[in-house]
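All remarks here apply to the structure that follows.
FYI, it's all coordinate maths here, none of it is from the lab. Not measured: the values here are computed from a predicted model. Using ideal geometry, Cβ is built from the backbone for each residue, glycine included, and neighbour counts are taken over all protein chains shown.
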Amino acid sequence: MIRIGLLGASRIADKAIFQVLPLLNGFTVQAVAASNKAKAQAYADIYPINHVAENYQALVARDDIDVIYNALPPSEHAHWTIQALQHGKHVLCEKPFAMDATEAGDMVQAAEVSGKLLLEAFHYRFHPLFVEVLTLVQSGVIGPLLHLRGNFSVRIPYFAGSLRHEAALGGGAMMDLGCYPLHWVRSVMGSEPEVQSAECIRSKTAEGGAQIDVTMQARLKFDNAVVADIGCSMADHLSRMPDTSLVLEGQHGQIEVNGLITPHLANNIKLTTADTERQYSVPGHSTYYYQLLHLQDCLQGKAMPLTGGKDAINNMQLLDQIYQQAGLLSRGLCRQQRGRQ
């Protein structure tokens, strides 16, 4: 039995943990900790959780927990992930992995020293839909890749206390949404790009909005002159229905993919070549089901981790560079700046 401890009384844990556990064998939610015990208790009154911890430190120190699910704000990822690893726990850490590449490196080093598993929760990566995309690319059906386009946009309105609109907490469209298309194109290419350019639209409403990107566009260049254009937006005028799309253009055809984040609700692959045009969807459970299944397989020695490690550091390093190219500070520097005020 894999015993999970929840860092944070988070909304995402409903989808990432509680909705999928009935479909899987071998997991239980052992304990939860929140910013205060009353909040954790209220959370445990809603969800099936065995224990309530006094605080975060008490949670990571428990000897009846195997895996910590870190769903705290990005500003808290590094500290509490490292604490959990040092207490002998495996960690599934929400995206974005850290506030900057330096923190990401510290987290990965702590995992290596502890000998424990550290995964970044890029849940899309484990779903059969993305596996199918990789299979198509690797089959050569559209030939060598020339150009990639990825976008994740959805309305996320500003409200007081919104962490997505607070740079010192790890907010910004690129951190919250753009980290996905960045990871999509890196995973498809299997290599690391250079950031050629980036530009953003800054928030006009959020406190400290000068450092909050509501919209971000970036151009990346991979080896063999392959270009990737990625974008993201959480602007008020957008729909609450997310646009999660990826287009892969090759010498002999094109692959268009929609529904990468919620493929169990709807997804579509359109494959176009000189000889054929085919559209189909890939069946399956939610991405979070396959994420926990991958976690289980890694812990049982049946699979090698697909996220975390150098992959997480590289993704974070590119996020830092995109912010810099767009004229913004990395989120780590935003937090340091806040600390000096």
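Structure values in brief
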{"item": "In sequence order, calculated HN-Hα J values of segment 274-279 (Karplus, 6.51, -1.76, 1.60; Hz; x Gly/Pro)", "result": "4, 9, 7, 9, 9, 10"}
{"item": "Whole-Å distance, taken between Cα centres, linking segment 167-227 and segment 67-140", "result": "19"}
{"item": "Alpha carbon convex hull of segment 223-341, volume per residue in cubic angstrom", "result": "212"}
{"item": "Kirkwood Rh in Å, taken over all unlike Cα pairs in segment 11-61", "result": "11.4"}
{"item": "Degrees separating the helix 101-114 axis from the principal Cα axis of the chain, which is the longest one", "result": "60"}
{"item": "Stokes-Einstein translational diffusion, segment 44-99 - Kirkwood Rh over all Cα pairs, 0.692 mPa s, 37 °C, in µm²/s", "result": "279"}
{"item": "Efficiency of FRET from Cβ geometry, Asn36 and Val247, R₀ 41 Å, rounded to 0.05", "result": "0.35"}
{"item": "Rg followed by Dmax, in Å, when segment 1-138 is reduced to its Cα trace", "result": "15.3, 51"}
{"item": "Computed lengthening from Tyr280 to Arg202, 0.36 nm per intervening residue step minus Cα-Cα distance", "result": "24.3 nm"}
{"item": "Isotropic mean projected area of the C-alpha convex hull, the chain (nm²)", "result": "17.1"}
{"item": "Size of electric dipole in segment 106-191: Cβ of Lys, Arg +1 and of Asp, Glu -1, about Cα centre, debye, nearest 20", "result": "220"}
{"item": "222 nm mean residue ellipticity, helices alone, for the chain (DSSP H n ≥ 4; -39,500 (n - 2.57); rounded to 500)", "result": "-9000 deg cm²/dmol"}
{"item": "Check: the chain dipole with +1 on Lys, Arg Cβ and -1 on Asp, Glu Cβ, in debye", "result": "500"}
{"item": "Nearest 10 degrees, 0 to 90: helix 179-189 Cα axis against the chain principal axis", "result": "50"}
{"item": "Crossing angle, helix 331-340 versus the chain [Cα axis fit, 0-90 degrees, rounded to tens]", "result": "40"}
{"item": "Within straight-line cross-link reach of Lys89, lysines at Cα separation under 18 Å, skipping those fewer than 8 residues along the same chain", "result": "Lys116"}
{"item": "Diffusion constant of segment 128-284 at 25 °C, which comes from Stokes-Einstein with the Kirkwood Cα-pair radius and 0.890 mPa s, µm²/s", "result": "149"}
